[in-house]
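The block underneath contains the structure these notes are about, expressed in C-alpha cells.
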Amino acid sequence: MSNTLDITKAVQNLYNTYPFPPEPLTDGTPPGYNWRWCVPAAQNFALGWVLPPAPALHILDAGCGTGVGTDYLAHLNPTAQVTGIDLSEAALEIAQKRVVGSGVAERVKLAQLSLTDVQTLSQQFQYINCVGVLHHLPNPQAGLRALAEVLAPGGLMHIFVYALWGRWEIRLMQKAIGLLQPAGDYRAGVSIGRQLFAHLPAENRLVRREKERWALDNTRDATFADMYVHPQEIDYTVQTLFELIQGSGLEFLGFSNPRYWQLERLLAPMPELLAAARHLPQQQQYELMEALDPELTHFEFFLGRPPLSRCPGDETTWLQSIPQRSMCMMGWPSRSLLDYDYQPVDLTPLEQELLSQCTGECTVAAVLKQVPGATLDQVKSLHKRQLLWLNKPGISPLGDRPEWHE
Ligand SMILES: C[S@@+](CC[C@H](N)C(=O)[O-])C[C@H]1O[C@@H](n2cnc3c(N)ncnc32)[C@H](O)[C@@H]1O
C-alpha cells in the first residue's frame, strides 16, 4: 500500500467491517480485572509504589475499538475520567453502548480521532493504554511520539504490539490471503482464509499452528479478520522494539508479562549458563529469551514520562511506606488465592497474617510490629508477587476501591 492516508483508510475500513474486539455487550460491571488497567496496580509494578491519587485522574484509551478495555479502565479506576479514541465509527458505536450498559458512560468520552492527532484534544493524561494499535499504523514511531506528548510528566503508558517470531505463520497466511483477495474486500478475505485452512493438508505448518494456537479465538470472523486479513501490520523484535521506545523519549519500565522474561524459566537446569545470562546487559537478556522461546506473539510493557517518582527501595523508605492488599487478586481472605494474573497462590500462615494487617492504614514498620516473627523480606516478597501494594509515604491510601464480580 502506497501512502499513509491509504493505509489509514484501509485499516479504518477493516475495523468498520469487523469492529474489534467482538465481545458481546453485557450490563453492569465487567467480570474480574486486568491489573494492567488498574492505575495503582500499574504504578506499584512499574514504579515500585503507588503514587498519591491525582486530583483529577485522566486516562486515555488510544485505539479503544469496541471499548472492552475502556470499560475496564473506568471500572477499575472509579474516580477517573476516561477518553477513548478510535478511527472506526462502527467500533465506537459499540463502545458507547458498552459503557452505557455498564453504567460508566458519564465518566467516559469517546471520539473518532486518529491517535496521531491526539494533541487536538488539548489535554494531558496520567495514564495511557494503547493495546493492539501502534503496529497497525503506517508510522508507529510517529504514533508513539504523539501519545508521549500528551502523557503527563510522571505518567505511565501501557503498550501492546506484535512480536515477529511467534507470528510468522500468521504473516505467511496474511500474505497468501492478500494475493488472492480482491483489494479491500475483507469479507472475501475471511472466506478465502477459511477455505485455505479447511482444505490445505492437515500437516501443513500454517494449518497446524492455527489449530493448536488460534482456532478457538478465531471462530468469530472479526477475530479471524484481525489476525489474517489485515492490510497493515508491523511486527517487532526485542531490538526493533527498543529502537521504537528510544525514539519516544519515554522510559521503559518493564514488560507487563514478567513471567515470560524470567531467565530461570528456561535456564534453571543450566546454572552456569544462567549465571552467564545474568551478566548480559538487560536488553540482551530479553533477546536471549526471545531467541530461546519464539512462542512470543506480542510485547506488552509499561513506559513512563520523566520525571518519574520511583520507590528508592532503601530500608527507611520501605518501613515508612503504607502497605495495602492488592485489589487485583481473588479469594481473600483465604490462604489459597488467585493473584494478579489469576495464577493460584498458597500463602504461609505468616504471610496470611501479614496481608491481613496490610489494610492501607499504617506503615510497614507498624505492620511488622503487629505480626511477631515477620520480616521486611517477607513484606518485600508479597510486594514482588503483587499481592501487596506499597503506598508512597505521606499520602492517604486510596479511598474509592474498584468493585468487580468474582
Ligand atoms: C486490534 S484493535 C484493538 C482494540 C482495543 N485496543 C483492544 O485491544 O481491544 C485496533 C483498533 O485500533 C484502531 N486504530 C488503528 N489505527 C488507529 C489510529 N491511527 N488511531 C486511532 N485508532 C486506530 C482500529 O480502528 C481498531 O479499533
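The values are calculated or read from the model by the stated rules, or taken from the named source; none is laboratory data. Keep in mind that what you see is a predicted model, and the values were worked out from it rather than measured. So basically every Cβ, Gly included, is an ideal-geometry build from the backbone, and we count neighbours across all protein chains shown. Accessible surface is based on the protein model in full, side chains and every heavy atom, while ligands, DNA and RNA are left aside. Shrake-Rupley method; radii C 1.70, N 1.55, O 1.52, S 1.80 Å.
Under a 1.4 Å probe, what is the accessible area of the range 1-75 per residue, stated in Å²? Don't jump to the answer; show the numbers that get you there.
Details: 2730 Å² over 75 residues.
Each residue of the range 1-75 exposes 36 Å² on average to a 1.4 Å probe.
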>> Computing the accessible area with a 1.4 Å probe over protein heavy atoms, can you report the carbon and sulfur percentage for the range 167-228?
In response: 56 percent
>> Rounded to two decimals, what is the ratio between the C-alpha radius of gyration of the range 167-228 and 2.2 N^0.38 Å?
In response: 1.01
> Given springs between every Cα pair under 10 Å in a Gaussian network model of the chain, which of 33, 15, 342 has the largest fluctuation?
Replying inline: 342
>> Cut-off 10 angstrom, C-alpha nodes, Gaussian network model of the chain. Which of 263, 57, 387 fluctuates the most?
In response: 263
> Taking only C-alpha pairs under 8 Å that are 6+ residues apart, what is the relative contact order of the range 251-404 in percent?
Replying inline: 22 percent
>> Output needed: percent of Cα pairs per 10 Å distance bin for the range 32-165, bins running from 0 to the one holding the longest distance.
In response: 13, 46, 35, 6, 0
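Assign unit charges at the C-beta atoms only (+1 for Lys and Arg, -1 for Asp and Glu), then state the dipole size of the chain relative to its Cα centre in Debye, rounded to the nearest 20.
Numbers: 31 positive and 42 negative charges, 13 e Å.
In debye, rounded to 20, the chain gives about 60.
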> How would you classify the range 65-131 from its alpha-carbon gyration tensor, with a ≥ b ≥ c the square roots of the eigenvalues: rounded for a/c under 1.5, else prolate if a/b is greater than b/c, otherwise oblate?
Replying inline: oblate
> Can you give the accessible area of residue 212 in Å² (nearest 10), computed on protein heavy atoms with a 1.4 Å probe?
Replying inline: 140 Å²
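Enter the accessible area per residue of the range 315-391 (Å², integer; probe 1.4 Å; all protein chains in place). Write out the running numbers ahead of the final one.
Details: 3490 Å² over 77 residues.
Per-residue value: 45 Å².
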> Taking +1 at the Cβ of each Lys and Arg and -1 at the Cβ of each Asp and Glu, which of 219, 207, 181 sits farthest along the dipole of the range 167-228 towards its positive end, judged by Cα position relative to the Cα centre?
Replying inline: 207
> Could you state the number of Å between the C-alpha centres of the range 248-267 and the range 25-92?
Replying inline: 22 Å
> Straight-line reach from residue 380: which lysines have Cα under 28 Å away, leaving out those fewer than 8 places along the same chain?
Replying inline: 369, 392
>> Which three extents, in angstrom, do the Cα atoms of the range 315-391 have along their principal axes, listed largest first?
In response: 32, 22, 19
>> If I take every Cα pair under 8 Å that is 6 or more residues apart in the chain, average their sequence separation and divide by the length, what percent do I get for the relative contact order?
In response: 20 percent
> Taking a probe of 1.4 angstrom, what is the accessible area of residue 227 in Å², to the nearest 10?
Replying inline: 20 Å²
>> For the chain, set up a GNM with springs between Cα atoms under 10 Å and report which of 142, 215, 202 has the largest fluctuation.
In response: 202
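Helix-only estimate, please: 222 nm mean residue ellipticity of the chain, summing -39500 (n - 2.57) across DSSP H runs of length 4 or more and dividing by its residues, to the nearest 500. If you can, show how the numbers build up before the last one.
On the way: 18 runs with 163 residues, N = 406.
Value at 222 nm, helices only: -11500 deg cm²/dmol.
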>> Normalised radius of gyration for the chain, please: alpha carbon Rg relative to 2.2 N^0.38 Å, two decimal places.
In response: 1.03
